[in-house]
Every structure is written in C-alpha cells, then in structure tokens.
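Please read the structure below before turning to the comments.
The values are calculated or read from the model by the stated rules, or taken from the named source; none is laboratory data. These figures come from a predicted structure and were not determined experimentally. Using ideal geometry, Cβ is built from the backbone for each residue, glycine included, and neighbour counts are taken over all protein chains shown. Accessible surface is based on the protein model in full, side chains and every heavy atom, while ligands, DNA and RNA are left aside. Shrake-Rupley method; radii C 1.70, N 1.55, O 1.52, S 1.80 Å.
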Amino acid sequence: MSELPCATIAPLPLRLRRKILGMSAILLPLNHDESVDWVGFRNHVLRTLNADLVPAVNMDTGYAHLISESVRKEVLRITAEICDGRMYVAGAFVSDRPGDALDWNGYREALDAIQFHGGTPVIFQSFGLTEMNSEGMMRAYENIGHHIGSFIGFELGRMFAPFGRIYDEEFYEQWIQIPQCIGAKHSSLSRQMEWDRLSIRDRVRPEFRVLTGNDLAIDMVMYGSDYLLGLSTFDPNSFSLRDRYWESGDARFFELNDWLQYLGMFVFRQPVPAYKHNAAQYLHIKNQIASNRTYPNSATRPENDIEVLRIIAQHLDTYHSNQ
C-alpha cells in the first residue's frame, strides 16, 4: 500500500497562556417584516463588547454587500454610541465589477465614515484593488494608510467572493510593514498558509496581528493567531470563556473549543453564506433577536437545523452555569 503525501506538521510551537485578541463579526438581525431589528442589533453589540470581544460591524456577517448606505451609517452610529470610545472595527466595502479601475473615491468615503464614527476600518478587497499588479496594490494600501491612519487588511479566498485574492508571501511580507496596517484578517481556510503568515509576522513585525478568518480551524489561536470570525457571533460569551481558559492554562479550553468547532463545521457547510441564517436561528433560539429571518436574497438553511443548534446552545450554556 503506497503512502499518501502529507504536509509538514506545523513548524510553530503552541503559544501557551497567551492573551487572545478576539474580534467578532456582528450579525445584522431582522424583524419578521424584514426591517432591521435595531433593538436586537444594539443588544448584540453590547453583549459582544461585555464579553471583551471587539465588535466588527458591516462585515460579511452584517450583509456588507447587500445593505444600503443609510443602514451602513446607522450601524456605525449605533455602534459608536455603544462602544463610547472602546475599540470596534468596521468593514470598508466598495462595490464594483470585473475590469473596473480602483474606486478610490468609494474607499475614501467608506474610510471617512468609519473614522468619523470612531471605528478602525477593515479594508474589503474589490475587483479594482485585486486586479492590479503588486506594485499598484501596495500603493493603494499605502494611500489608505496615509489617508486614514490605522487600518486592518483583509485577504479573502475566491470561495468567499469573486474579487478575493490571497497574496503571495513576498507581497504579504511587504504589506505587513506598512506602519498604519496593524493587522490583517486571513481567510484562505488553509492552516499551512496561516502558519506561513505567522512565521513571517514573527520574523518581520512581531506586534502585527494575524487575524484568523478560518471558521473551520478556530484553534489557530493556539499557534499565535488572533481572530476575526463570523462564528463567534453565535455565542460571544463562549468564545470569550474559551479564550480565558487558554490564557489561564485551563484544560477545559480543548473541550469547549471542540464544541465551538462542531458548531462551526455544522453552520459553515455548503452553501457557506447560509451560515448567517444559522446565526439568526441560533440567536433567536436564545431569545436575543426578534426573528430568525435572514436578509432578502441571502442563502437559507432548513428549519430542521434549529433542533441541532438548540442542542449545541444548551450544551454551551452548561459551561457558563458551572463557572
């Protein structure tokens, strides 16, 4: 029997007892009539903040590509009011089409709105950005830094969005040396690529934040990644507890992480964008939002998912009752 080829085991040691920085993408919930459930949104942001996670608004989990400009700005206004000077991040999204030039005015308007409301921008890719050569992309990010100050980068696999691009290691090494770029979300779903980025980070700029976007491998925090996840929107308190277990050296980290990963494997199955409907179902089970509706024209899940989500939610609740 011939041996199957295998990848090299991670060359990185476990970063034991490390304080993890968690950023959690906020679901934008809806009422039964498909209007925005602003009460549920406010409470979800506050719950995330009280769990010591950084709220991340107007991300994919908040339907960044579907919402109107007025909704986007209301999200920023409410989040700024709730955070009251505490850190939050927000997606800077520009809509364009293949072949379009970089929409600098669109980015500038998005950046200015986020800065006006006291947030730190997460730079969504666009066709106009990722279809440029490396030199053009680098100049674009440098211009963003000169315009806005601190920002978080974002590299996105094509399985998530057609404009996504995972940068090569040479570009990544230069990218993370832009002084205003304080971190970058990595969403390739590849452990090896993320390990490689951690190695580059450790060598080039140790204070830089590699933010895992791998909802199928949330244990990347053990190797030195922080996170900006959609999965954590389901249960910010359980993610926060898991992170505290890791920092204190509590072995319960592993079992709780297993349950959260079980949730991740279930809700991030194909079609992946339907995880947002699962998030609405889960938060509705916990009586935290008004309905389990997802945004119009979004992928949906079957109603019988609710029973599985209920079982997971009940089990996760036991960790908090035992504190």
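Sort out which residues of segment 200-221 are part of a helix (DSSP H, G or I) and either of a type in the set (S, T, N, Q) or within 30 Å of His277 (Cβ to Cβ) (or both), and write them in order of number. The answer is Ile218, Asp219, Met220, Val221.
Taken over segment 51-94, residues that are among the small types (Gly, Ala, Ser), over 17 Å from Val36 (Cβ atoms) and surrounded by 23 or more Cβ atoms within 10 Å (Cβ to Cβ) amount to 2.
Within segment 112-128, the set of residues being surrounded by fewer than 20 Cβ atoms within 10 Å (Cβ to Cβ) and in a helix (DSSP H, G or I) comprises Asp112, Ala113, Gln115, Phe116. Restricting to segment 166-199, and then to whatever is modelled with pLDDT of 95 or more and part of a loop (DSSP other than H, G, I, E, B), can you tell me which residue is nearest to the chain's Cα centre (by Cα)? Here the answer is Ile166. Among the residues making up segment 163-195, those that are among the β-branched types (Val, Ile, Thr) and farther than 17 Å from Ser126 by Cα are Ile176, Ile178, Ile182. Go through segment 194-218 and give me each residue that's surrounded by fewer than 19 Cβ atoms within 10 Å (Cβ to Cβ) and within 19 Å of Gly264 (Cβ to Cβ). Selection gives Leu216, Ala217. Show the residue pairs meeting these rules: Cβ distance below 8 Å; 6+ apart or different chains; first residue within segment 137-157 and at negative phi and modelled with pLDDT under 95; second residue open to solvent by less than 20 Å² (accessible area, probe 1.4 Å) and of a type in the set (S, T, N, Q). Partner pairs satisfying both residue conditions: Leu156/Gln125; Leu156/Ser187; Gly157/Ser187; Gly157/Ser188. For first residues located in segment 244-266 and closer than 19 Å to Asp317 by Cβ and open to solvent by 70 Å² or more (accessible area, probe 1.4 Å), partners that are modelled with pLDDT of 95 or more and not charged (D, E, K, R) and lie 6+ apart or on another chain with Cβ distances below 7 Å form the pairs Arg252/Tyr245; Tyr262/Ile312.
Of all the listed residues (Val45, Val39), the sole one being within 30 Å of Arg244 (Cα to Cα), assigned to a helix (DSSP H, G or I) and in contact with a Cys (Cβ under 8 Å, 6 or more places away or on another chain) is Val45.
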